[in-house]
Each structure stands twice: as structure tokens, then as C-alpha cells.
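Below you'll find the structure, written out as C-alpha cells, and then a few comments.
The values are calculated or read from the model by the stated rules, or taken from the named source; none is laboratory data. What you see is a predicted model, and the numbers here were worked out from it, not measured in a lab. Here the Cβ positions follow ideal geometry from the backbone for every residue, glycine too, while neighbour counts run over all protein chains shown. Heads up: the accessible areas ignore ligands, DNA and RNA and are worked out on the full protein's heavy atoms, side chains in. Shrake-Rupley method; radii C 1.70, N 1.55, O 1.52, S 1.80 Å.
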Amino acid sequence: MRVALALGSGGARGYAHIGAIRELESRGHEVVGVSGASMGAVVGSLLAAGELDRFEEWVRGLAQRDVLRLLDVSFAGGGAIRANKIMGVIGEMLDDVRIEDLAIPYTAVATDLRARREVWFTRGPADIAVRASFAIPSIVTPAIVGGRLMIDGGVTNPVPLEPLASVESDMVLAVSLTGRRAGIRGSTFQESSDPDEPSAVADPKIAKKGGTVTATTAARLSGRIRTAAADVRDADLVRLVAARFGQDSSGADTAGLDAPGIDPTGQGAESGPRAVEDSTPSGSAQPSPEVEEAVEEGEREVRADAQGDERSLESLPGTLRIFDVVSQSIEAMQSILTGYRMAGNRPDVLVEVPSDSCSAFDFHRAEEMIELGRRLTAEALDREGL
């Protein structure tokens, strides 16, 4: 069958797009059109350019250390990462190809931040369209294209089906990367801000407050231990990043990319991966003073909570980081937006990748995400008898 493919945004979960494409190919289906937002735009462009095999081989070999080497940190410009090194690799694979010259009709979707509208890139350099499409808010710096401030296409159209309307196909298949989290059975629940009123999702086995400690206060101790250990690693990473940075002197618009703006190849910036010194502590198994202090503080807090007033906000999870809050906030928004948009434009086959299958920044987990995408696509096609 002739398949039109809509590939959604979702960071590292976008490796599942590769698995979806491989499953379609194994069943003899032909992709005749592709649209994508963010990571979907990356994979879609490489498919249309005939470079997906090369890209897959590269990402399957990425370890966490390799991913760190690709990060060029920015303390200005509206994002934490400039992404010049990543675009250097992707741009080299795309080899300056223009969208209108691709073998498969392709559309990259981005968001014009100032105009508050989505933009469809259907002509011009493919690498610039890709760079504009994956500018995750506050994570990857925005791209200036034709005088417009462009950010991630997933902000306005997480799974871009509309650009495929003109593609002659037998089936439209969409891959969403913000599917329901594994283990969550309901879409909504009610919660009370009164600490004396049990939550609708509380575990009755641990919600009892008559014992020595509550589940919340007991979890607080382990959370503090994890926080202390994570902070030690974060401190090393910050020093590494600082050292590297110090050395680095609808009503959608259809847009072309001939106007100058960003440098997708990263020329002039540091090129090529450099060895990164391993900052992981080794040798001694003794806990650090920071961990010991956290344990003692946590124990004091548990004892105080068991005896004192519990009418207060609960402690934040010990492993929570800024990127977690940003990425999960975007995922929540995209999940709701996708539901609304698909209500009026449903694909023939929908593949939903759980949003907790991996973090949006786990770019070292290509192997398992590709296989997950292939399995979920196989199940979706089997349900439709395809």
C-alpha cells in the first residue's frame, strides 16, 4: 500500500519512528509522503533523502558519553543548547539537499513564536527546516529563518497530519510520541489540597497516618539521598560544561528557506567530538559527606513529620530536575493538543508511543526505542488487518 506518514514530536522517543518505518517496509508498504515535527522532522527528512540507514547506524552506536560530547551549551540565546554539533552531523547526511528535490514529498513543521502560528516548510534547504522544527522551548535555542523566530513544531502541531492532505495515498499512518503513560488507567483524577483528605489515587496500604511515619515522609528520606548523589554528578557536569563553554569563543504558513538565518552546520564553532574526562567517582565505596548529611537531615525530618503538624506542602521528588519539568509540561500540552486536532482529522492507523517509554533526552537509547516503535506499529497494523 501507498502510505502517507505523519511523525510526531517527542525528543528521543522519536527513534520509534525508525522502527515504524522499518515495519512498514518489511510488510511491503511504500511511503509516498511524510510530514514531521521536531524529531519527526529529523527522521522524516532523512527518510526522504535516502539517508535513514546511515542515520540509524549512527544513533544505534551512541552511548551516553557520545551524547554529552554533542552538547554545545549556551547560556544565552533562549535555550540551553545551541545544537550546532548535532546539526553538523545531520546536515552532512542531508548534504545541502533542498526539500523540493527530495525523492519523497516532505514537510517540516515549526512554530513562529511571535506570530503564534505553525509554519510548513515545503521548499528550501532541508537542514534549516529541520533545525527550526526541533528547537524545543528553553532547551534548544530558537532559529531565525527569514526574520522569523522559530521554535519546535510540536508546540502547535505535535503530529502534523494536515500537510499530508495533498498526498495521494492508500493509507495515512501517524506516530504519536505522547501516548498515555504505561500503568495509567484513567485520563483524569480528582485530588484534594487538604492533607487530611486522602487522594483519589492514594494507596490505602500506605496512606495511614497513625503509624510512626507516613508514606510521604518515608519517601522523603530516600529522595534526599538520591538528590545528594545526583547533585555530586551534576556538579561535575556543570564544571565540565563550564570548561567547554569557556573554550567556545493552522492558518499555517508555507515557508521557503532561502533567507539567511541560522548556521545549521556549526561552521565556526567547535567541530568534531572531543574526549571528555570521566567524572564518575570510582574506587571508594564510602558515601560522600554530602550523602551522609542528607541522610541525617532526612532522618530528622522524618521524625519531625511523624510528631508535628502535617498541614504543609509535600517535598519535591529528590530526582526532579528542570529539564524534567520542562519536557513533561510540553508533553502534557502536546497530548491534549493532539487529541483535539485528531478529533477532526483522524489517521487510518495511529501508533501511540507511551510518553514514559523513555525521557525526551535519552538519546543513547536508540536500540530499544527503535524496537519499541517497530513492535507498536506491527500491533497497530495487525489490528487493522494490514
Checklist entry - Has segment 319-338 got at least one residue that is at pLDDT below 80 and open to solvent by less than 60 Å² (accessible area, probe 1.4 Å)? => result yes
Next on the checklist: Could you check segment 312-326 and list, in sequence order, the residues that are among the hydroxyl-bearing types (Ser, Thr, Tyr), over 23 Å from Ile136 (Cβ atoms) and touching a Lys or Arg at 6+ places or on another chain (Cβ under 7 Å)?
Outcome noted: Ser315
Item to check | Breaking point among (1) modelled with pLDDT under 95; (2) open to solvent by 10 Å² or more (accessible area, probe 1.4 Å), for Val89 | outcome: (1)
Next on the checklist: Go through segment 23-47 and report how many residues are closer than 23 Å to Asp127 by Cα and either open to solvent by 10 Å² or more (accessible area, probe 1.4 Å) or assigned to a strand (DSSP E or B) (or both).
Outcome noted: 9
Item to check | Matching option when the condition is among the small types (Gly, Ala, Ser), modelled with pLDDT under 95 and crowded, with 23+ Cβ neighbours inside 10 Å, among Ala110, Ala129, Ala76, Ala83 | outcome: Ala83
